[in-house]
Amino acid sequence: MSYFYNVVRMSAVGAFMVAALSAYAESVQVGELFYDLNEADGTASLARSATYTGMTNVNIPGEITVDGNEYTVTSVAQQAFRECKSLESVTMGEGIATIGAWAFYKCSALTEVQFPSTLTYVMGSAFSNCTAIPALVLPDNLKKVDSYAFGTCKALAEVTLPKEMETLGGYAFYSCGKLSTIHFNAALDSIGENTFYGCGMTAVELPESLRAIGAGAFSNCTKLAEISLPQSLVKIGDQAFFRCSALTGIQLPDGIRTLGMAAFYECTSLADVALPEGITTIDSNCFYGCTSFRSMSVPASITTISNGMLMQEESQESDRKITAM
């Protein structure tokens with residue numbers, strides 16, 4: 001079975017590489033840039049080229065003309081500018097809807113990106129390891145951001161999220177250690193897995209539309225001291241605030257029903273928590289290692305309290321106070 005899988009997989013990879021090389025060979029040059037054309041629908045995709053590696057500034061137009069025919073540029077191809085380490089600024093024209101995976105991966109000098117209003121999709125790792133970008137304003141029509149799209153952007157300090165986005169993808173801003181300011185939008189329904197893992201915010205105010213915080217969403221945000229949770233929130237996922245050691249207090253909304261496994265694990269500054277009436281489940285190790293924790297009011301609505309909910313060093317156990325409501 002394993003041999004058969006590997007043969008099929010290698011054949012698929014080989015076919016992809018042949019297709020990619022064929023597309024590259026047929027690319028046309030307009031100015032300094034290369035494009036793959038789709039004559040059937042009059043669109044074009046910015047293609048990858050080794051000549052891009054020496055560029056410092058790039059302006060990708062929304063339209064091009066080839067042999068008298070006009071084409072709308074709708075995408076930036078996968079890995080198009082990968083590791084173009086001299087690239088400092090990028091402007092994308094109206095019409096571009098998709099930025100491919102790894103399109104600007106490790107463009108370490110990139111400091112300015114101007115997105116078009118037509119952008120709807122940023123694929124995985126598109127700007128990952130762009131370590132000089134200080135701020136991002138994502139366009140309002142952007143609907144989807146894949147894993148690690150802006151991961152490990154070490155200089156990124158401020159992000160404005162799109163107004164139309166309902167789900168913020170997992171790992172989107174993973175390990176952006178200087179990210180301290182996030183402007184959320186009114187439509188956001190959920191935050192994905194490890195979206196802000198290891199980021200540098202000290203305070204966060206989540207939008208009133210939010211219903212779910214995914215697993216590890218704010219895990220290891222060691223500077224996070226304050227977070228405002230909306231009344232719409234129903235679920236806090238596993239390890240959502242794992243080792244947020246600066247978090248001093250949290251006001252859980254009335255609508256919350258589930259606190260995930262290790263949700264507040266080793267939040268060592270967390271002193272007390274009031275659980276709202278209506279909460280039903282507290283998963284294992286939810287408040288494990290909360291060494292400053294002293295009191296909790298437990299409502300009658302709780303049906304499940306898993307092992308290790310309040311476990312900490314034995315010498316500190318005697319000071320805890322749990323009150324049934």
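Across region 37-324, the relative contact order, built from alpha-carbon pairs under 8 Å that are at least six residues apart, equals 8 percent. For region 98-238, averaging the sequence separation of C-alpha pairs within contact (under 8 Å, six or more residues apart) and dividing by the residue count gives a relative contact order of 16 percent.
Calculated [222 nm] ellipticity per residue, helices only, for the chain: -2500 deg cm²/dmol; basis is -39500 (n - 2.57) per DSSP H run with n ≥ 4, divided by all residues, nearest 500.
Can you give the FRET efficiency to the nearest 0.05 for ASP67 and ASP189, using r as the Cβ-Cβ distance and R₀ = 51 Å? So the FRET efficiency works out to roughly 0.65. Multiplying the residue separation of ILE302 and ALA40 by 0.36 nm and subtracting their alpha-carbon distance yields 88.3 nm. Rounded to the nearest 0.05, the FRET efficiency derived from the C-beta distance between ASN57 and GLU26 at R0 = 30 Å is 0.65. List the lysines whose Cα sits under 21 Å from the Cα of LYS163, skipping any in the same chain fewer than 8 residues away. Excluding near neighbours in sequence, the set is LYS143, LYS144.
Taking THR281, THR304, THR118 in turn, the Gaussian network model of the chain (Cα-Cα springs below 10 Å) assigns the largest fluctuation to THR304.
Can you list the aspartates and glutamates whose alpha carbon is less than 20 Å from that of LYS85, not counting same-chain residues fewer than 8 positions off? In chain and number order, the partners are GLU32, GLU112. Of the residues VAL76, VAL204, VAL30, which exhibits the maximal mean-square fluctuation in a Gaussian network model of the chain defined by a 10 Å Cα contact cut-off? Result: VAL30 has the largest fluctuation of those listed. By the rule of a C-alpha distance below 19 Å, with chain neighbours fewer than 8 residues away ignored, the lysines paired with LYS223 are LYS154, LYS178.
DSSP bridge analysis restricted to the chain gives an antiparallel fraction near 20%, rounded to the nearest 5.
Take the Cα coordinates of region 167-252, assign each an equal point scatterer, and use the Debye formula without solvent to give log10 I(q)/I(0) at q = 0.20 Å⁻¹. Debye intensities relative to I(0), on a log10 scale: -0.84. All C-alpha to C-alpha distances of region 37-324, sorted into 10 Å bins beginning at zero, yield P(r) values of 7, 27, 27, 18, 12, 6, 2, 0, 0 percent in whole numbers.
Sorted fewest first by neighbouring Cβ atoms within 10 angstrom, ILE99, ILE182 come out as ILE182, ILE99. Helix 2-25 axis versus longest C-alpha principal axis of the chain: approximately 50°, rounded to the nearest ten. As a proxy for reagent exposure, ranking ASP254, ASP146, ASP272 by other Cβ atoms within 10 Å from fewest up yields ASP254, ASP272, ASP146.
Within the listed set GLY170, GLY42, GLY260, the residue fluctuating most in the Gaussian network model of the chain (springs between alpha-carbon atoms under 10 angstrom) is GLY42.
Coordinate-derived values only; no laboratory data. Quick caveat, the model's predicted, so the values are computed rather than measured. In this analysis, Cβ positions are derived from the backbone assuming ideal geometry, glycine residues included, and neighbour counts consider all displayed protein chains.
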